[in-house]
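K.L.:
Dumping the structure here so I can ask a few things about it.
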Amino acid sequence: MIMKHLFPAVLLSVFFIACTAENDSCVNSPDGTITLSLELTEEGKAYYYITRNDSIVLENSMLGLLREDADFTNGLILKAVSDVNVINDNYILLYGKKRIAAYHAHQKVYHLENSQGEKMDIIFQVSDDGVAFRYFFPRISNDKLKIVEEKSSFNFPANTKAWIQPRASSKSGWNQVNPSYEEHYLSDCLLNNVPASDSGWVLPALFHHDGCWIHITETWPERNYCGCHLQRNEDFTEYTIAFPEVTEGFADGPVYPESALPWATPWRVITMGDDPGDIIESTLGTDVAKPTALKDISYVRPGRASWSWALMKDPSVNYDTQKEFIDYASEMHWEYCLIDVNWDAQIGWDKIKELARYAREKNVGLILWYNSAGNWNTVSYTPKDIFLTSETRQSEFQKLKEAGIKGIKVDFFGGDGQSMMDYYIDILEDAHKFRLMVNCHGATIPRGLHRTYPNLVSMESVRGFEYATFEQRSADKLPKKITILPFTRNTFDPMDFTPVCFNEYDHNTRVTGNGAELAQTVLLLSGVQHYAEIPSGMKMVPDYVQQMMREIPVDWDETRFVDGYPGEYLIIARRKNQTWYVAGINGEVSSKDLTVFLPFMTQKRGILISEHETLRSFRKEEIQLDEQGKYKISLLGYGGFLLIFNTTSSM
């Protein structure tokens, strides 16, 4: 029986213990460590709260939606509760932290009615690594209904800390391109110290309280919802789901959620664990994402790409330079070369076709840049406007297919409104018809979309490497940021950070060490990894570093968290076939003495590549783990390393 009143905070622990057994109020994880409890107040308001190992993770947190025609925030009545349904799902990811993922959860559906008799279900799924919930309107109707507010909140205990990114306001920034998820993170910040923000805070976000790490995100809407973010409530520790600004739609399409019935909203996803490694190793964000319905995705080939624009900017987009970068990709055994902005004006279509033929002879595929255009920003880069209708998109895609182009990079989207979220899907679906991979820049976060559309190989949605070349402040923050991103933005979704530069920037000072740059190839995940380093810079590093840059994959079979604390340092191990790559970075200016503990490693001898005595140096040496699988390493401030273990050889 659902409790009809809210317990005072001091009595919550008593109720939590009572909920360890399954009853109408509770859903337990398969291993029994996580308990989700639902409660209705006398006024018919719905709340949930979560415990893990009998400790509070989230206190009373709001539930409910306000539809234009019906209120599901007050006067709710519980009509029925389903039995526990066991969810088992195994699926394959083409790229990312692991190839084969498994999801095991307990599901319970709460059937509610409001005071007018309108029905709404709340579906909870509780797995050993977290909780997901969504709303469902079961009635059948062709009428287009609208949601004006979602009340879902995440109410954290006092003294919770956050790693969280502010959301830029719509149409702010350079050429009005925001929001594009490219702000600096607050790190290790008490929620009481998080400043007020009219624009809110982006998903995903990381939180820590009393030994429990919590990661909050959502899944991509199925053409019936907007992308959402977090807004801080007045009590500082509670964050509520918030909708985008009214200017974030595509053309004249809807910004806020609207749909016929039945109607299922996106999942709200809460991942949790004892240490931050539980977040890194989890796949919950894709576990609850919609499985792909695409047929024949054999053309989606994860890989690496050369890219001139990162360091050489607009003038590099010319025929001769791009031919050089095709040769560079071929020499490095990379699969792709990205040709960026203004290629239509500075190279021209006929010469692009020549480059595509040349690249094919070199076993390199071309990726071409496009401006998403529209009236949501004032960016003048071309080609633009081509993707605004399905007719012009498909006409362009046919040309690309005939020329042998392998993928597109689409830039400068306009926010998180429902119609704008649909625009991404329109591009992906049309691109699939012509066997084209897609990378989105100046974009929202993927929200598990790459499981639904595997031809989405990456999205930017990060203040990545390019900003280090724009301003010194971003260059200074880069090593710390890399220790945060695998716990936040890059936890479940591909991220086009465009890493690795052993060279110097033209106008700013690179603070990262060479070993830290090499480590990024493993620490950061993207279906196609666009490397920033240019041919002249690659020639300056030792042959063994060049060879490693040829060998490191982007699609991993397994990921293990080794050690780290977001904002300070990070060590991750990833396996491809029989080779383990263990990468680490020091996100702070002071040196660190660390112990790399690899108890799962059967091969005790490995190769270490790191800085030597200065950040601009390299060293390579053979190392030996002790019997327990430990190895002590000293890292310079902002330095890093890469360890390689081939478990099939004696090395």
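K.L.:
Residues in the stretch 432-447 that are under 13 Å from the mean Cα position of the chain (by Cα) and of a type in the set (Val, Ile, Thr): how many?
P.N.:
Number of matching residues: 2.
K.L.:
Looking at Gly606, Gly637, Gly584, which is the one that is assigned to a loop (DSSP other than H, G, I, E, B) and either more than 29 Å from the chain's Cα centre (by Cα) or within 27 Å of Arg510 (Cβ to Cβ) (or both)?
P.N.:
On the way: Gly606 fails: assigned to a loop (DSSP other than H, G, I, E, B); Gly584 fails: assigned to a loop (DSSP other than H, G, I, E, B).
Result of the check over Gly606, Gly637, Gly584: Gly637.
K.L.:
For the stretch 475-503, which residues satisfy the criterion of being over 17 Å from the mean Cα position of the chain (by Cα), modelled with pLDDT of 95 or more and closer than 15 Å to Leu311 by Cα?
P.N.:
Hits for the stretch 475-503 are Ala475, Val500, Cys501, Phe502.
K.L.:
Name the residue that is surrounded by the fewest Cβ atoms within 10 Å (Cβ to Cβ), counting only residues in the stretch 307-361 that are part of a loop (DSSP other than H, G, I, E, B) and more than 30 Å from the chain's Cα centre (by Cα). Steps first, answer last, please.
P.N.:
The first filter runs over the stretch 307-361 and keeps only residues part of a loop (DSSP other than H, G, I, E, B), leaving 308, 313, 317-318, 332-335, 340-342, 347-348.
Filter once more, keeping what is more than 30 Å from the chain's Cα centre (by Cα): 318, 347-348.
On the way: Asn318: 17, Ile347: 20, Gly348: 12.
Of everything passing the filter in the stretch 307-361, Gly348 is surrounded by the fewest Cβ atoms within 10 Å (Cβ to Cβ).
K.L.:
Looking at Val86, is it touching a Phe, Trp or Tyr at 6+ places or on another chain (Cβ under 8 Å) and either outside any loop (DSSP other than H, G, I, E, B) or buried (at least 16 other Cβ atoms within 10 Å of the Cβ) (or both)? Spell out how you get there, then give the answer.
P.N.:
Details: touching a Phe, Trp or Tyr at 6+ places or on another chain (Cβ under 8 Å): no; either outside any loop (DSSP other than H, G, I, E, B) or buried (at least 16 other Cβ atoms within 10 Å of the Cβ) (or both): yes.
Answer is no for this residue.
K.L.:
Going through Thr33, Thr51, Thr41 one at a time, which residue ends up being in the same structural domain as Arg232 (by TED's automatic domain parsing), buried (at least 19 other Cβ atoms within 10 Å of the Cβ) and either within 15 Å of Lys151 (Cα to Cα) or modelled with pLDDT of 95 or more (or both)?
P.N.:
Thr51
K.L.:
In this structure, does Arg575 turn out to be in contact (Cβ under 8 Å) with a residue 40 or more places away in the chain, farther than 18 Å from Val511 by Cα, in contact with an Asp or Glu (Cβ under 7 Å, 6 or more places away or on another chain) and not β-branched (Val, Ile, Thr)?
P.N.:
Values: in contact (Cβ under 8 Å) with a residue 40 or more places away in the chain: no; farther than 18 Å from Val511 by Cα: yes; in contact with an Asp or Glu (Cβ under 7 Å, 6 or more places away or on another chain): yes; not β-branched (Val, Ile, Thr): yes.
Taking the combined requirement at face value, the residue does not satisfy it.
K.L.:
For residues in the stretch 58-112 being β-branched (Val, Ile, Thr) and under 32 Å from the mean Cα position of the chain (by Cα), which is farthest from Val457 (Cα to Cα)?
P.N.:
The qualifying residue farthest from Val457 (Cα to Cα) is Thr73.
K.L.:
Hey, Trp580 hits all of (1) closer than 25 Å to Lys97 by Cβ; (2) in contact with a strand residue (DSSP E or B) (Cβ under 9 Å, 6 or more places away or on another chain); (3) without any contact (Cβ under 8 Å) to a residue 24 or more places away in the chain but one; which does it fall short on?
P.N.:
Here Trp580 meets the rest and fails (3).
K.L.:
Out of everything in the stretch 247-274 that is at pLDDT 95 or above and of a type in the set (D, E, K, R), what residue ends up being nearest to Phe207 (Cα to Cα)? If you could, list the steps in order and put the result at the bottom.
P.N.:
Start the filter on the stretch 247-274 by keeping residues that are at pLDDT 95 or above, which leaves 247-250, 253-274.
So of that shortlist, the ones also of a type in the set (D, E, K, R) come out as 248, 258, 268, 274.
On the way: Glu248: 28, Glu258: 31, Arg268: 15, Asp274: 12 Å.
Step by step, filter the stretch 247-274, then rank; the result is Asp274.
K.L.:
Sort out which residues of the stretch 121-148 are more than 30 Å from Ser282 (Cα to Cα) and not hydroxyl-bearing (Ser, Thr, Tyr), and write them in order of number.
P.N.:
Passing the criteria: Pro138, Arg139, Ile140, Asn142, Asp143, Lys144, Leu145, Lys146, Ile147, Val148.
K.L.:
So which residues in the stretch 456-473 are among the polar types (S, T, N, Q), touching a residue at least 60 places away in the same chain (Cβ under 8 Å) and either farther than 22 Å from Gly527 by Cα or surrounded by fewer than 24 Cβ atoms within 10 Å (Cβ to Cβ) (or both)?
P.N.:
Matches in the stretch 456-473: Thr469 only.
K.L.:
Right, here's the next one. Applying the selection to the stretch 246-286, what residues are within 22 Å of Tyr135 (Cα to Cα) and more than 18 Å from the chain's Cα centre (by Cα)?
P.N.:
The answer is Pro254, Val255, Tyr256, Pro257, Glu258, Ser259, Ala260, Leu261, Pro262, Trp263, Ala264, Thr265.
K.L.:
Further, regarding this structure: Suppose we filter Met495, Met548, Met540 for residues that are assigned by TED's automatic domain parsing to the domain that holds Val410, buried (at least 20 other Cβ atoms within 10 Å of the Cβ) and not aromatic (Phe, Trp, Tyr); which single one remains?
P.N.:
Met495
K.L.:
Further question on the same structure: Tell me whether the stretch 413-420 contains one or more residues that are closer than 29 Å to Glu533 by Cα and surrounded by 22 or more Cβ atoms within 10 Å (Cβ to Cβ).
P.N.:
Looking through the stretch 413-420, at least one residue is closer than 29 Å to Glu533 by Cα and surrounded by 22 or more Cβ atoms within 10 Å (Cβ to Cβ).
K.L.:
A further question follows. So which of Thr217, Thr240 is in a strand (DSSP E or B), hydroxyl-bearing (Ser, Thr, Tyr) and over 18 Å from the mean Cα position of the chain (by Cα)?
P.N.:
Answer to the check: Thr240.
K.L.:
Here's something else I'd like to know. Could you tell me how many of the residues in the stretch 583-597 are in contact (Cβ under 8 Å) with a residue 60 or more places away in the chain and either at positive phi or not aliphatic (A, V, I, L, M) (or both)?
P.N.:
So the answer is 4.
K.L.:
Are any of the residues in the stretch 473-489 of a type in the set (Phe, Trp, Tyr) and not in a loop (DSSP other than H, G, I, E, B)?
P.N.:
For the stretch 473-489, residues of a type in the set (Phe, Trp, Tyr) and not in a loop (DSSP other than H, G, I, E, B): present.
K.L.:
Do any residues in the stretch 429-453 that are under 17 Å from Trp267 (Cβ atoms) have Cβ atoms under 9 Å from those of residues that are among the basic types (Lys, Arg) and modelled with pLDDT of 95 or more, where the two are at least six apart or on different chains, and which pairs are they?
P.N.:
Once the first residue is under 17 Å from Trp267 (Cβ atoms) and sits in the stretch 429-453, its partners that are among the basic types (Lys, Arg) and modelled with pLDDT of 95 or more give Ile445/Arg489; Gly448/Lys290; Leu449/Lys290; Arg451/Lys290; Thr452/Lys290.
K.L.:
Run Ala196 past the list (1) surrounded by fewer than 23 Cβ atoms within 10 Å (Cβ to Cβ); (2) assigned to a strand (DSSP E or B) and report the number of the one that doesn't hold.
P.N.:
Ala196 satisfies every listed condition except (2).
The values are calculated or read from the model by the stated rules, or taken from the named source; none is laboratory data. Everything numeric here is computed off the predicted structure, so don't read it as measured data. Glycine gets a Cβ as well: all are built from the backbone with ideal geometry, and neighbour counts include every protein chain shown.
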